[in-house]
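Inspection log for the structure reproduced underneath, given as structure tokens.
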Amino acid sequence: MTDVRRVLAARRPPAGVRVVLGASYAGQQAAFHALLVVLGLAVVSVCAVMVVQFESFVEPLVVLLVHRVVRGALALLLVTARR
């Protein structure tokens, strides 16, 4: 979309012609926004279930942090193993 805007800025349309950016781009942006909202709700829901199951706020926090650290370590191992 950035390239399209740059080209349109460089080449003005003739008089009487109006250019409107939208269509699938607008739909795609709305879909991505909705996806982020659903993802956020899913994370909150999972945290809430873990808090109820563990009956504490500390243990779910530890589980989530360890999960992120392990994923990061695995990602770094994959990146360094390819070199």
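The values are calculated or read from the model by the stated rules, or taken from the named source; none is laboratory data. None of the values given here were measured: they were computed from a predicted structure. Ideal geometry is used to build each Cβ from the backbone, glycine not excepted, and the neighbour counts take in all protein chains shown. To get the accessible areas, we keep the full protein, side chains included, count just its heavy atoms, and leave off ligands, DNA and RNA. Shrake-Rupley method; radii C 1.70, N 1.55, O 1.52, S 1.80 Å.
Show the residue pairs that are 6+ apart or on different chains and have beta-carbon atoms under 7 Å apart, the first residue being within segment 43-70 and of a type in the set (A, V, I, L, M), the second being open to solvent by 80 Å² or more (accessible area, probe 1.4 Å).
Hits for this filter: Val51/Phe57.
Before we move on, is Ala9 part of a helix (DSSP H, G or I), loosely packed, with under 10 Cβ neighbours inside 10 Å and either free of Cβ contacts under 8 Å to residues at least 12 places away in the same chain or polar (S, T, N, Q) (or both)?
Here the answer is yes, as Ala9 does meet what is asked.
Within segment 20-57, count every residue that is surrounded by fewer than 10 Cβ atoms within 10 Å (Cβ to Cβ), modelled with pLDDT under 90 and not in a helix (DSSP H, G or I).
3
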